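Chemist: One structure, as structure tokens, below. Some questions next.
The values are calculated or read from the model by the stated rules, or taken from the named source; none is laboratory data. Just so we're clear, the structure is a prediction, and the values are computed from it rather than from any experiment. Positions of Cβ are backbone-derived with ideal geometry, glycine not excepted, and every protein chain shown enters the neighbour counts. The area values use the complete protein model at the heavy-atom level, side chains included, leaving out ligands, DNA and RNA. Shrake-Rupley method; radii C 1.70, N 1.55, O 1.52, S 1.80 Å.
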Amino acid sequence: MWTWILWVVGALLVLGLAAFVTLVLVMRTKNRRGLAVVRRFNRRVTNRRTLRDAGEAGSSNDLIRHVGRRSGARYATPIGVYPMDDDFLVYLPYGTGVDWLRNVRAAGSAELLVDGQTYVVTPEIVEPAEALPYLTAADRRVARLFKVTDFLALRRAAVGATGPGGAA
């Protein structure tokens, strides 16, 4: 009986390790098919769970609201942001071709919900040298592990350009 349980646990550990190594390789090489699978999983599973409280006070995830560049539909995407002086920083493990970023760049602005506050922000791609000092040591290690080289600064819009509850 114990032998069987150990085999099952061992097999699950090996499968988990193999999945992790595959994820790291896909992210580091930016393999199109692999990234499509990861993005699809995140869109269907992770994002749906994260959207429940993203942007609310105390949540570990933030929310960016944007308008589709072709459809004109309104979307909400959970993201993680870091404080960057008076602005916000996002690291882009999938690169700059993700739909939400293409929508935000096409519109020139978006609404960002962080810790219960709403901000109007404008996007700006920044160099790793400018972005890395704002990440924690652990997040810099993750960025290095996944070979993240794309970073986005979300600049707060000028005073008077925010909606209700926003701060500029």
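Chemist: Among the residues of region 21-55, which ones are assigned to a loop (DSSP other than H, G, I, E, B) and not acidic (D, E)?
Modeler: Across region 21-55, the qualifying residues are K30, N31, L51, R52, A54, G55.
Chemist: Please identify the pairs in which a residue from region 114-136 that is among the charged types (D, E, K, R) has its Cβ atom under 7 Å from the Cβ atom of a residue that is open to solvent by 60 Å² or more (accessible area, probe 1.4 Å), counting only partners at least 6 apart or on another chain.
Modeler: D115/A57
Chemist: Among the candidates R105, R141, R156, which residue alone is at pLDDT 95 or above and not hydroxyl-bearing (S, T, Y)?
Modeler: Result: R105 is the single residue among R105, R141, R156 that is at pLDDT 95 or above and not hydroxyl-bearing (S, T, Y).
Chemist: V90 fails exactly one of the following numbered conditions: (1) within 26 Å of R49 (Cβ to Cβ); (2) surrounded by fewer than 18 Cβ atoms within 10 Å (Cβ to Cβ). What is the number of that condition?
Modeler: Status for V90: all satisfied but (2).
Chemist: Condition first: more than 14 Å from S59 (Cβ to Cβ), of a type in the set (D, E, K, R) and in contact with a Gly (Cβ under 9 Å, 6 or more places away or on another chain). Now tell me which residues in region 97-122 satisfy that.
Modeler: D99, E111
Chemist: Shifting gears a bit: Please state which one of V114, V38, V14 is within 21 Å of T149 (Cα to Cα) and either open to solvent by 60 Å² or more (accessible area, probe 1.4 Å) or of a type in the set (A, V, I, L, M, F, W, C) (or both).
Modeler: Criteria check complete, one pass: V38.
Chemist: Condition first: under 22 Å from D150 (Cβ atoms) and in contact with a helix residue (DSSP H, G or I) (Cβ under 6 Å, 6 or more places away or on another chain). Can you find one or more residues in region 95-108 that meet it?
Modeler: No, the conditions are met nowhere in region 95-108.
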